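The values are calculated or read from the model by the stated rules, or taken from the named source; none is laboratory data. Computed from a prediction, not measured in an experiment: that's the story for all the values here. Here Cβ is always computed from backbone atoms with ideal geometry, including for glycine, and neighbour counts include all displayed protein chains.
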Amino acid sequence: MSATTTFDLGHGGAASLYVHIPYCHAKCPYCDFNSYAATEWPEERYADALLAELAAYADMPAWQGTTLATIFFGGGTPSLFRPATIACLLDGIAARWSVAAEAEITLEANPGTVERTRLAGFRGAGVNRLSFGVQSFQPDLLRTLGRIHSADDARAALAAARTAGFDNVNLDLIFAVPGQTRAAWAADVAELLACAPEHVSAYNLTYEPGTPFHAWRGRGELVPLPEDDELWMYEHARAAFARAGYEQYEISNFARPGREAQHNCGYWRGVAYLGIGAGAHSYAAAPGWGERWSNERIPERYMAGVAAGGAVASHETLSFDTATAEFMFLGLRELRGVDPVAFAARFHAPLETVHPEVEAFRRDGLLVDRGGRLALSERGLLVADSVFAMFL
């Protein structure tokens with residue numbers, strides 16, 4: 001980053017660190033993340049750039065005294081990098097930053113890219129949580145989604161993770177996939193529960209602009225599932241996970257007690273986070289109503305930027321309206337909802353004064369008061385995006 005970059009994240013408090021590794025064996029057609037299919041990648045050069053970017057931030061006065069509460073390696077497919085590279089990155093972080101003793105350190109992994117020895121290497125490096133992109137156990141749906149692994153790969157990856165010493169594992173599933181039946185989704189949910197992960201993320205498929213799925217839908221080559229089927233799948237998963245002892249704490253996330261994804265909770269609660277790597281985003285709650293910035297997206301341009309002293313490509317100073325809207329729709333993603341007292345302390349005004357629309361949502365039964373907080377109702381949970389849009 002440039003010598004004039006003075007983003008003030010730290011204030012001697014806690015923050016989260018996101019490390020983006022953008023390389024994949026194949027780009028899934030529904031994915032709009034900043035990722036790139038490759039048969040080989042400049043692993044050492046990219047890791048050196050990450051360490052250089054980290055060092056530059058660590059030298060900023062605003063960051064001194066900051067403790068990292070969570071570290072998240074996302075992608076792309078971070079499990080493509082060697083365990084020794086992940087160890088080098090974690091050692092570099094620990095050498096310049098204070099890392100909380102119980103920090104949650106997550107690595108995303110594709111089930112088709114790992115085995116016991118590799119996973120043991122990640123565990124030895126300091127990773128203590130894995131997130132596997134399973135998406136489905138149905139061969140036809142895996143093909144539709146463009147996944148390169150099989151259901152057997154997913155089962156083997158979880159077994160290998162347990163053998164390697166991981167006791168905190170997330171499994172991702174996707175529902176409302178074209179061609180998916182209610183029976184197929186129920187089978188996926190049952191198979192996942194048989195795997196007994198500590199955490200589950202169940203996402204409905206979205207058709208993001210710029211992805212092949214979006215183009216194929218526009219041309220009629222993909223037909224989205226009826227809304228009734230999508231709602232049935234969501235409600236089926238919620239009920240099944242609840243019966244199995246998983247608590248739903250966010251719209252798409254379910255966890256065993258005490259196994260909530262702390263890194264993601266930080267995003268929803270407005271904790272400062274630093275993103276390093278190609279296209280990574282960062283956020284600071286101060287000065288003013290907050291700052292947000294992002295890096296160059298193309299890996300080669302990112303690495304060149306770091307070498308030249310600046311990889312930041314965009315910067316935004318949040319307005320009062322933007323900051324209050326984000327407080328609301330991010331906070332409402334969690335089932336516990338938002339705290340009106342915290343809102344008033346942050347923005348020096350009552351929540352109902354800034355967002356009078358909450359009264360209409362209460363009357364319509366979309367928002368409820370629960371334990372002193374404002375939260376989505378059961379009905380509001382099913383139309384959450386429409387509720388969030390009203391705050392923008």
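So if I check each of Tyr30, Tyr36, which one is crowded, with 21+ Cβ neighbours inside 10 Å, closer than 19 Å to Leu145 by Cβ and touching a helix residue (DSSP H, G or I) at 6+ places or on another chain (Cβ under 8 Å)?
Of Tyr30, Tyr36, the one residue that is crowded, with 21+ Cβ neighbours inside 10 Å, closer than 19 Å to Leu145 by Cβ and touching a helix residue (DSSP H, G or I) at 6+ places or on another chain (Cβ under 8 Å) is Tyr30.
Would you confirm, using the coordinates I've provided, whether Ala120 is of a type outside the set (Asp, Glu), under 24 Å from Val19 (Cβ atoms) and out of contact with any strand residue (DSSP E or B) (no Cβ under 9 Å at 6 or more places or on another chain)? Break it down stepwise before answering.
Working: of a type outside the set (Asp, Glu): yes; under 24 Å from Val19 (Cβ atoms): yes; out of contact with any strand residue (DSSP E or B) (no Cβ under 9 Å at 6 or more places or on another chain): yes.
When the stated conditions are applied, Ala120 passes them.
I'd like to check something: does region 149-159 contain any residue that is assigned to a helix (DSSP H, G or I), hydrophobic (A, V, I, L, M, F, W, C), within 21 Å of Leu381 (Cβ to Cβ) and in contact (Cβ under 8 Å) with a residue 12 or more places away in the chain?
No, the conditions are met nowhere in region 149-159.
If you go through region 168-218, how many residues are assigned to a strand (DSSP E or B) and among the acidic types (Asp, Glu)?
1
Looking at Ala62, Ala56, can you tell me which residue is assigned to a helix (DSSP H, G or I), modelled with pLDDT of 90 or more, among the aliphatic types (A, V, I, L, M) and farther than 30 Å from Trp216 by Cα?
One residue alone meets the criteria, Ala56.
Of the residues that sit in region 324-355 and are over 24 Å from Ser201 (Cβ atoms) and among the small types (Gly, Ala, Ser), which one is surrounded by the fewest Cβ atoms within 10 Å (Cβ to Cβ)?
Ala345
Filter region 305-321 for residues that are farther than 11 Å from Glu53 by Cα and surrounded by 12 or more Cβ atoms within 10 Å (Cβ to Cβ) and give the result.
If the condition is that a residue be farther than 11 Å from Glu53 by Cα and surrounded by 12 or more Cβ atoms within 10 Å (Cβ to Cβ), then Ala313, His315, Glu316, Thr317, Leu318, Ser319, Phe320, Asp321 are the ones that fit.
I'd like the full set of residues that are assigned to a strand (DSSP E or B), crowded, with 17+ Cβ neighbours inside 10 Å and free of Cβ contacts under 8 Å to residues at least 60 places away in the same chain, limited to region 101-123.
Ala103, Ile105, Leu107, Glu108, Ala109 - these are the residues of region 101-123 that are assigned to a strand (DSSP E or B), crowded, with 17+ Cβ neighbours inside 10 Å and free of Cβ contacts under 8 Å to residues at least 60 places away in the same chain.
Of Ala389, Ala323, Ala311, which residue is of a type outside the set (D, E, K, R), more than 14 Å from Ile251 (Cβ to Cβ) and free of Cβ contacts under 8 Å to residues at least 24 places away in the same chain? Before you say what the answer is, go through the steps one by one.
On the way: Ala323 fails: free of Cβ contacts under 8 Å to residues at least 24 places away in the same chain; Ala311 fails: free of Cβ contacts under 8 Å to residues at least 24 places away in the same chain.
Unique residue meeting the criteria: Ala389.
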